[in-house]
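Peer 1: Before we start, here is the structure in question, set down as structure tokens.
The values are calculated or read from the model by the stated rules, or taken from the named source; none is laboratory data. Values in this document were obtained by computation on a predicted structure and should not be read as measured data. Ideal geometry is used to build each Cβ from the backbone, glycine not excepted, and the neighbour counts take in all protein chains shown. These area figures cover heavy atoms from the full protein model, side chains too; ligands, DNA and RNA do not enter into them. Shrake-Rupley method; radii C 1.70, N 1.55, O 1.52, S 1.80 Å.
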Amino acid sequence: MRLTVIVPCYNEEAALHYFYEEMQKVMQQMQEVEFELLFVNDGSRDKTLEVIRELAAKDERVKYVSFSRNFGKEAAIYAGLEHSTGDLTAIMDADLQDPPALLPEMYKAITEEGYDSVATRRVSRKGEPPIRSFFARMFYRLMKRISKADIVDGARDYRLMSRPFVDALLEMGEYNRFSKGLFGWVGFRTKWLEYENIERVAGETKWSFWKLFLYSIDGIVAFSTMPLSLSALFGVLMCLVSVLAIVFIVIRQILYGGSAFGWPSMVCIIMFLGGIQLLCIGILGSYLAKTYLEVKKRPIYICKETNTSKKNRMEIENE
Ligand code: UDP
Ligand code: MG
């Protein structure tokens, strides 16, 4: 049985050695498995690539794909899935927040218990700024309501997947990737393991609050069209309100006459309607923008250097 571990790395020079050591222990423990460590260097600006090359030179199980610039973790995951040669494929962060020690248990769930994939979720968010946890919770609650994709609170990207599962993910070559949604969307039988949050071993997080916020909007736009219906609903509601207002004004005119007053309320109403219109146009715009990017069919990543034998998409398409 061959098992590929995909490790997206962006400025992880400090963490990689710890990661490799930790993986070494697990690989020794799982003698029956043939491992492949597939590092995806996501355009790091530090010595990450050098460290990976060093590892590759002394250990032939180490493979890598290096991007021409930073394409984001989603692109790194996709590149990893494309280049994975394993019967089973795992995705694991480089900072040891996804404990490699869980691998044997995950492996057993697929090979012995007949699951297609094993996912993990953290049940606590300790060590995280409270405001971030709060917004994360809100996001998952909202997602549950407005989307059919089954997105689990606290789910990590750390998973082990069977070949059919990976192939299904690769079928979805969309440009706007939101893996947490895609994993749920493809279905299959998934077992969930839980663990307490672990803080990263070295280096620092690549996700600012703003980056996370934009990512959550991506997630909503990718997996729900509810905001579009919502803007239509706003429109209908506003029409109803204005009809009521007209009736009110006409009746008031007939009963009391004269109507020079009411200018401030008029301004408020105009501003309110203007705001709602802009909001709805904005919602429309964000879907249009995603469609635009999708239609262009740009590659999800550009590979600059690799020691895997698999060609990247660009090369295949150019043949
Ligand atoms: N990462 C990446 N590209 C990016 C940002 C992050 O490949 O643009 C990788 C990063 O190297 C790490 C994983 O994604 O292996 C998770 O990132 P991080 O630990 O910074 O996120 P957090 O755990 O704080 O959510
Ligand atoms: Mg991390």
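Peer 1: Specify the residue that is least open to solvent (accessible area, probe 1.4 Å); the eligible residues are those in the stretch 1-18 that are out of contact with any strand residue (DSSP E or B) (no Cβ under 6 Å at 6 or more places or on another chain) and among the charged types (D, E, K, R). Let's see the steps before the verdict.
Peer 2: Applying the first criterion (out of contact with any strand residue (DSSP E or B) (no Cβ under 6 Å at 6 or more places or on another chain)) to the stretch 1-18 yields 1, 10-18.
Imposing the further condition that a residue be among the charged types (D, E, K, R) reduces the set to 12-13.
Details: Glu12: 12, Glu13: 76 Å².
Looking at the filtered set, the residue picked out is Glu12.
Peer 1: Now a separate question. So, of the residues in the stretch 186-200 that are in contact with a helix residue (DSSP H, G or I) (Cβ under 9 Å, 6 or more places away or on another chain) and open to solvent by less than 60 Å² (accessible area, probe 1.4 Å), which turns out to be farthest from Met161 (Cα to Cα)? Quick ask: steps written out before the conclusion?
Peer 2: In the first step, residues of the stretch 186-200 are kept if they are in contact with a helix residue (DSSP H, G or I) (Cβ under 9 Å, 6 or more places away or on another chain); the result is 186-188, 190-191, 193, 195, 200.
Within this subset, residues satisfying the condition of being open to solvent by less than 60 Å² (accessible area, probe 1.4 Å) are 186-187, 190-191, 193, 195, 200.
On the way: Val186: 12, Gly187: 12, Thr190: 9, Lys191: 11, Leu193: 14, Tyr195: 19, Arg200: 24 Å.
Here the residue is Arg200.
Peer 1: Of the numbered conditions (1) surrounded by 13 or more Cβ atoms within 10 Å (Cβ to Cβ); (2) within 30 Å of Asp153 (Cα to Cα); (3) away from ligand 1 (no atom under 16 Å from the Cβ), Leu273 satisfies every one except a single condition; which is it?
Peer 2: Of everything listed in (1) surrounded by 13 or more Cβ atoms within 10 Å (Cβ to Cβ); (2) within 30 Å of Asp153 (Cα to Cα); (3) away from ligand 1 (no atom under 16 Å from the Cβ), Leu273 misses just condition (2).
Peer 1: Here's another thing I want to ask about it. Give me the pairs: first residue in the stretch 35-61 and free of Cβ contacts under 8 Å to residues at least 24 places away in the same chain, second residue outside any strand (DSSP E or B) and within 16 Å of ligand 2 (Cβ to nearest atom), beta-carbon distance under 7 Å, and six or more apart or on different chains, which are they?
Peer 2: Pairs that qualify, where the first residue is free of Cβ contacts under 8 Å to residues at least 24 places away in the same chain and the partner is outside any strand (DSSP E or B) and within 16 Å of ligand 2 (Cβ to nearest atom): there are none.
Peer 1: Among the residues of the stretch 69-84 satisfying the criterion of being more than 17 Å from the chain's Cα centre (by Cα) and more than 18 Å from Ser117 (Cβ to Cβ), which is least open to solvent (accessible area, probe 1.4 Å)?
Peer 2: The selected residue is His83.
Peer 1: Return the pairs, sorted by first residue and then second, in which the second residue is open to solvent by less than 50 Å² (accessible area, probe 1.4 Å) and among the aliphatic types (A, V, I, L, M), the first residue lies in the stretch 288-306 and is farther than 16 Å from Asn70 by Cα, the beta carbons are less than 8 Å apart, and the residues are 6+ apart or on different chains.
Peer 2: Lys290/Val221; Lys290/Ala222
Peer 1: Ok, one more. At least 2 residues that are closer than 26 Å to Ile300 by Cα and within 14 Å of ligand 1 (Cβ to nearest atom) in each: list the strands (runs of 3 or more DSSP E) lying fully within the stretch 107-213 that qualify.
Peer 2: Values: elements: 117-122, 155-162, 190-195.
Answer list for the stretch 107-213: 155-162.
Peer 1: Could you check how many residues of the stretch 29-48 are open to solvent by 30 Å² or more (accessible area, probe 1.4 Å) and farther than 18 Å from Leu160 by Cα?
Peer 2: Taking the stretch 29-48 as the starting set, the residues that turn out to be open to solvent by 30 Å² or more (accessible area, probe 1.4 Å) are 29, 31-32, 34, 45-47.
Next cut, farther than 18 Å from Leu160 by Cα only: 45-47.
Matching residues across the stretch 29-48 total 3.
Peer 1: Could I ask something else about it? Could you go through the stretch 13-33 and let me know if any residue there is in a loop (DSSP other than H, G, I, E, B) and either at pLDDT 90 or above or within 16 Å of ligand 2 (Cβ to nearest atom) (or both).
Peer 2: Filtering the stretch 13-33 down to residues in a loop (DSSP other than H, G, I, E, B) leaves 30-33.
Then keep just the ones that are either at pLDDT 90 or above or within 16 Å of ligand 2 (Cβ to nearest atom) (or both); that gives none.
Looking for residues that are in a loop (DSSP other than H, G, I, E, B) and either at pLDDT 90 or above or within 16 Å of ligand 2 (Cβ to nearest atom) (or both), one finds none in the stretch 13-33, hence no.
Peer 1: Still on this model: Restricting the search to the stretch 214-231, which residues are open to solvent by less than 30 Å² (accessible area, probe 1.4 Å), away from ligand 1 (no atom under 16 Å from the Cβ), hydroxyl-bearing (Ser, Thr, Tyr) and in a helix (DSSP H, G or I)?
Peer 2: Once the filter is applied, which keeps residues that are open to solvent by less than 30 Å² (accessible area, probe 1.4 Å), away from ligand 1 (no atom under 16 Å from the Cβ), hydroxyl-bearing (Ser, Thr, Tyr) and in a helix (DSSP H, G or I), the stretch 214-231 yields only Ser231.
Peer 1: Moving to a separate point now. Within the set of pairs 6+ apart or on separate chains, which have a first residue in the stretch 227-252 that is free of Cβ contacts under 8 Å to residues at least 24 places away in the same chain and more than 15 Å from Leu273 (Cα to Cα), a second that is open to solvent by less than 80 Å² (accessible area, probe 1.4 Å) and of a type in the set (Ser, Thr, Tyr), and C-beta atoms under 9 Å apart?
Peer 2: If the second residue must be open to solvent by less than 80 Å² (accessible area, probe 1.4 Å) and of a type in the set (Ser, Thr, Tyr), the pairs left are Ile249/Ser259; Arg252/Ser259.
Peer 1: Ile91 passes all but one of (1) open to solvent by 20 Å² or more (accessible area, probe 1.4 Å); (2) within 16 Å of ligand 2 (Cβ to nearest atom); (3) of a type outside the set (Ser, Thr, Tyr); which number fails?
Peer 2: (1)
Peer 1: With the structure loaded, tell me whether Ile300 is part of a loop (DSSP other than H, G, I, E, B) and surrounded by 12 or more Cβ atoms within 10 Å (Cβ to Cβ) or whether it fails that test.
Peer 2: On the way: part of a loop (DSSP other than H, G, I, E, B): yes; surrounded by 12 or more Cβ atoms within 10 Å (Cβ to Cβ): yes.
Criteria met by Ile300.
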